[in-house]
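What follows draws every value from the coordinates through simple rules; no lab data is involved. For clarity, every value in this text was computed on a predicted model and none was experimentally measured. Positions of Cβ are generated from backbone atoms using ideal geometry, with glycine treated the same way; all protein chains shown enter the neighbour counts.
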């Protein structure tokens, strides 16, 4: 009996794709194809490509790769490709990001949304929106010319 799979993943290429994006695509590939949980490790190893399987063998050593759980393997990959970032450094990048001259406001907002993900400002959508609003107001205040009529003492 032939089973047709929906979609295709292709091997992981770190120069073209973030590991979290690849793993998200893999998660939905497994879901849409209704792959039994017991086969998740096998599908992971069959789809990521030979270079990543070799890397996983090194990272898992002395334990064999196929002795690890799916969650353990994905955690190993994320820890390897996305080491933990310093929150203070990420907040500095966010707080000092200004809109570039050639950048539209929507492009600037997307850039801020990308930066704020690693700042640990809060998880609620309202916290996220409030942080973005403050950043936009600070950027506007920074760009506004200062003159005697705008300064109140």
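Numerical summary
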| quantity | calculated |
| --- | --- |
| Approximate spin-label separation residue 88-residue 133, in nm, with each point projected 7 Å along Cα-to-Cβ | 3.0 nm |
| Residue list for region 76-92, given a label point 7 angstrom along the Cα-to-Cβ vector of residue 120 and an amide N cut-off under 12 Å | 84-91 |
| Burial ordering of 37, 108, fewest other beta-carbon atoms within 10 Å first | 37, 108 |
| Extension reserve of the residue 57-residue 80 stretch, reckoned as 0.36 nm per residue once the Cα distance is removed | 7.0 nm |
